[in-house]
Amino acid sequence: MTNAVLLAGTNSGVGKTTVSMGIMAALKRREMEVQPFKVGPDYIDPTYHTAICGKPSRNLDTFMMQIDGVRNTFSKHSDNADINIVEGVMGLFDGMGATEIASSAHVAKSLGIPVILIVNVHGMSRSAAAIVKGFAQFDPDVKIAGVILNKVGSPRHAQMIIDSIPDIPVVGTLPRNKDVTVPSRHLGLYMANEMDFDTEGLAAFIEENIDLDAIMDLAKTAPDFEKPEEEDNIEADLKIGIAYDSAFCFYYQDMFEAFRNAGAEIELFSPIKGEVPDVDGFYFGGGYPELYISELEKSKTTKTLKDLSANGMPIYGECGGLQYMSTSYEIDGTVYKMADVLPAETVQTKKLQALGYTEGVANGEFIKGTIRGHEFHYSATYCDNDAKLAYDMKRGKGIVDGKDGLTEHNSLASYTHTHPATFPVKSFVEKCREYRLR
């Protein structure tokens, strides 16, 4: 039996992440096996899920992964848990443009799992019932099975709203509590390893104000999922170094698995500490290089990469990785020397430069075909006149003039954060294998 619920909000900022984390923590405190998932291209919330549940949180995104990819990932990782909790994204029906694609509703429909709607009821009473009714009737294929009222003013306030919603059970009423919010910054919340978060206090708060037994009963209405056949893993015959520290921390768990399945052993290392592992290729994900720019400028890693790239080592970077692999990175008027792997200069900007899904057609040395992903950055990258860009963007901004994927030798970096559903991991690993054997 696959027990599952999707926790969705009426809109961003209703407390969806805090409530999701709290329910996970409260169920873990009951010694349950909880498997977390996150709708959308989110790197940060899953770090909290993983820390709380002790299981890697998996992303579910019907644009990047398509419906079959979402179903495959969910069925593959949902069978060894007492309950599977999917945290939604934005408002329940918010997708790409005016479509349902990539919305929490689209994921819930694709999996057939029940939705618990979280409503911020501050400043309203019976109007909350109208909101719930509208959400419940908007798409009959989305099953809103329960409601959680957040920021309730008093027990009387809560009861007024409960009495106004006769058809859908209210499974929780959370009073206002400023002590259970997670601080945020320019790219979202702080990462879980950067916060001393009171998980026990949050679990106790949720246990007191949410009917966890009712949530478990709703979860039992999810359909059963048959686990897909395991892929035959290729025996590891090479190593790929993945930058993993406070500067480079945006990664999908599925990407790690894809590298391993393709025959690569992963070695995590820290550019901040100047580590240079003996590997056959490098992968620099996104993150916060601008917060550690002085350490990175002095790093042995930074000073070593250019020669490795010129020697043909495959190096791949995304967003923060692009900034780091550039010749320099200018922040607040100060220019810092970077790895100089790619012929470009990056400048941090005060305004958001791009946010949203991307789709490009790649014609690079080791990367070909349609690449789907996501971009989100406060920087601009200025390429040399003879720079080569591997992606023609059908959607999204990219680096310049509708192109992304700056390339030099066997190195490539983009503003697009990719997912292994479309990123050709096997091709990159094969390029690393060629480098190892030459």
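The values are calculated or read from the model by the stated rules, or taken from the named source; none is laboratory data. Note that the coordinates shown come from a computational prediction; the quantities given were computed from them, not determined experimentally. All Cβ positions, even for glycine, are placed from backbone atoms using ideal geometry, and neighbour counts span all protein chains on display. Protein only, heavy atoms only, side chains kept; ligands, DNA and RNA dropped before computing areas. Shrake-Rupley method; radii C 1.70, N 1.55, O 1.52, S 1.80 Å.
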Per the charge dipole of the chain (beta-carbon charges, Lys/Arg positive, Asp/Glu negative, Cα centre), the residue among L174, T407, V425 reaching farthest to the positive end is L174
Interchain or sequence-distant (5+) residues whose placed amide H lies within less than 5 Å of the amide H of C319 are S414, Y415, T416
Applying the gyration tensor rule to the Cα atoms of the range 385-438 (axes a ≥ b ≥ c; rounded if a/c under 1.5, else prolate if a/b exceeds b/c, else oblate), the class is oblate
Computed for the range 30-152: size of charge dipole around the Cα centre, +1 on C-beta of each Lys and Arg, -1 on C-beta of each Asp and Glu, debye to nearest 20, value 300
So, relative contact order of the range 1-101 in percent, Cα under 8 Å, 6 or more apart, is 42
By the mean-Cβ-within-10 Å protection proxy, highest first, 108-116, 400-408, 321-329 rank as 321-329, 108-116, 400-408
Residue-normalised value, i.e. accessible area per residue, for the chain at 1.4 Å probe, in Å², stands at 42
Connecting every pair of Cα atoms under 10 Å apart in the chain and solving the GNM, the largest mean-square fluctuation among K350, K151, K143 falls on K350
With +1 at each Lys and Arg Cβ and -1 at each Asp and Glu Cβ, the charge dipole magnitude of the range 304-387 around its Cα centre, to the nearest 20 debye, comes out at 220
With Cα springs under 10 Å, the Gaussian network model of the chain assigns the largest mean-square fluctuation among V39, V152, V89 to V152
Surrounding charge for D141, neighbours by C-beta under 15 angstrom, Lys/Arg +1, Asp/Glu -1, total 0
Spelling it out for T358: with amide H atoms placed in the peptide plane at 1.01 Å from N, the residues 5 or more places away or on another chain with amide H under 5 Å from its amide H are G373, H374, E375
Once the in-chain neighbours fewer than 8 apart are removed, the lysines whose Cα is under 18 Å from K55 read K28, K38, K76, K227
Quick note, the range 69-126: a/c under 1.5 would make it rounded; otherwise a/b > b/c is prolate and the rest oblate (a ≥ b ≥ c, C-alpha gyration tensor); here it is oblate
By the C-alpha gyration tensor axes a ≥ b ≥ c (rounded if a/c is under 1.5, else prolate when a/b exceeds b/c, else oblate), the shape of the chain is prolate
In a Gaussian network model of the chain with springs linking alpha carbons closer than 10 Å, the residue among E275, E345, E229 that fluctuates most is E229
The percentage of the accessible area of the chain (probe 1.4 Å, all protein chains present) made up of carbon and sulfur atoms, to the nearest whole number, is 46
With +1 at each Lys and Arg Cβ and -1 at each Asp and Glu Cβ, the charge dipole magnitude of the chain around its Cα centre, to the nearest 20 debye, comes out at 940
In degrees, nearest 10, the alpha-carbon axis of helix 66-77 is tilted away from the dominant principal axis of the alpha carbons of the chain by 80
So the angle from the long Cα axis of helix 127-138 to the longest Cα principal axis of the chain, reported in degrees to the nearest 10, equals 60
Residue-normalised 222 nm signal for the chain, counting each DSSP H run of n ≥ 4 as -39,500 (n - 2.57), nearest 500 deg cm²/dmol, is -8500 deg cm²/dmol
In whole Hz, the Karplus estimates of ³J(HN,Hα) for the range 45-52 (6.51, -1.76, 1.60; θ = phi - 60°; x where Gly or Pro) are 3, x, 5, 5, 4, 5, 5, 6
With every protein chain kept in place and a 1.4 Å probe, the residues D79, D386, D213 fall, from largest accessible area down, as D386, D213, D79
With every protein chain in place, the accessible area of R372 for a 1.4 Å probe, in Å² rounded to the nearest 10, comes to 50
Non-local residues with an amide H under 5 Å from the amide H of G263, with H modelled 1.01 Å from N and Pro and chain starts lacking one, are I234
XL table K239/K426; K239/K337; K303/K403; Cα-Cα > 19 Å flagged, in table order, is K239/K337; K303/K403
